[in-house]
1. Kindly indicate whether residue B:63 is surrounded by fewer than 20 Cβ atoms within 10 Å (Cβ to Cβ), touching a strand residue (DSSP E or B) at 6+ places or on another chain (Cβ under 6 Å) and at the interface with chain A (Cβ under 7 Å from one of its Cβ atoms).
2. Return the residue satisfying two criteria in turn: it lies in the range A:6-28 and is over 25 Å from the mean Cα position of the chain (by Cα), in a helix (DSSP H, G or I) and of a type outside the set (Ser, Thr, Tyr), and of such residues it is surrounded by the fewest Cβ atoms within 10 Å (Cβ to Cβ).
3. Does residue B:28 meet the test of being without any contact (Cβ under 8 Å) to a residue 12 or more places away in the chain, on the phi > 0 side of the Ramachandran plot and surrounded by fewer than 20 Cβ atoms within 10 Å (Cβ to Cβ)?
4. Within the range A:53-62, work out how many residues are more than 12 Å from chain B (Cβ to nearest Cβ) and buried (at least 16 other Cβ atoms within 10 Å of the Cβ).
Amino acid sequence: MDETQSDVRVNVYEIGYLLVSSVPEEKVASEAEAVKSIITKAGASVIAEETPHSERLAYTMRKKTVSGSYDKYDSAYFGWIKFEVASNVIESIKTSVEIHPTVLRMLMISTVKENTYLGKRAIAIAEDFSPSVKKNGGDKSSVAERAPFTITKAVEDEKVAPSAPATVEDMDKSIDAMVKEV
Amino acid sequence: MKKQCYFNQHNISHIDYKDTEVLKKFVNPHGRMISRKRTGISAKYQRQLATAVKRARFMGLLPYVAR
């Protein structure tokens, strides 16, 4: 126990959470404040945060209700808090946020004090994408890059085959030639 | 010609799972991550990218499977 006490260090963590969409828009701020108070009560100092905003989920999530059935959610309010706290209290913070009734899902990560979130800058950076990577972005282009020779060859073969008997006369000549050969 | 690492170019030292606009560029239309061979980013950032994509998927910001 003494060893663990001496190992206590102050680290930077970030909690990302989803609030259920059944929470009305005007109560979202107070729910976010409730999550924040769980963290601050444990002695954490908040570095950065973003109040939850409605987000369409990439897939349907389920949350177990008190009665044992499941509620399904296609959208949720996504918010996050970055904070600094001693490593020995982080587990209790995690469990308290997880069992909060309006929290659909949460993710706790260890991070750095510096700002890592690009936010709106990300859109500009994503647009300014290097062409070499962009070329590989889609499935079709990647197939073309992996097998450029086979594809071009196949196209050439297709072109050659139907162009041989272009007219009816040519076709007759080619048939005659084949008959003579036999 | 050798490809330049995308994250080195833009001075991004930590890849954040919340930057889904950036992460989307490194997954294919089915939602699968693109290999390092094709993204051309350094091993360090490819590892960070993989973690970020998995975190974003868990939080419903990116799909596990699309279509």
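1. For residue B:63, the condition - surrounded by fewer than 20 Cβ atoms within 10 Å (Cβ to Cβ), touching a strand residue (DSSP E or B) at 6+ places or on another chain (Cβ under 6 Å) and at the interface with chain A (Cβ under 7 Å from one of its Cβ atoms) - is met.
2. Only one residue fits best here, namely A:26.
3. Judged against the criteria, residue B:28 is not a match.
4. Qualifying residue count for the region: 0.
None of the figures in this text is laboratory data; all of them are computed from the coordinates on show. The model shown is predicted, which means the values in this text are computed figures rather than measured ones. All Cβ positions, even for glycine, are placed from backbone atoms using ideal geometry, and neighbour counts span all protein chains on display.
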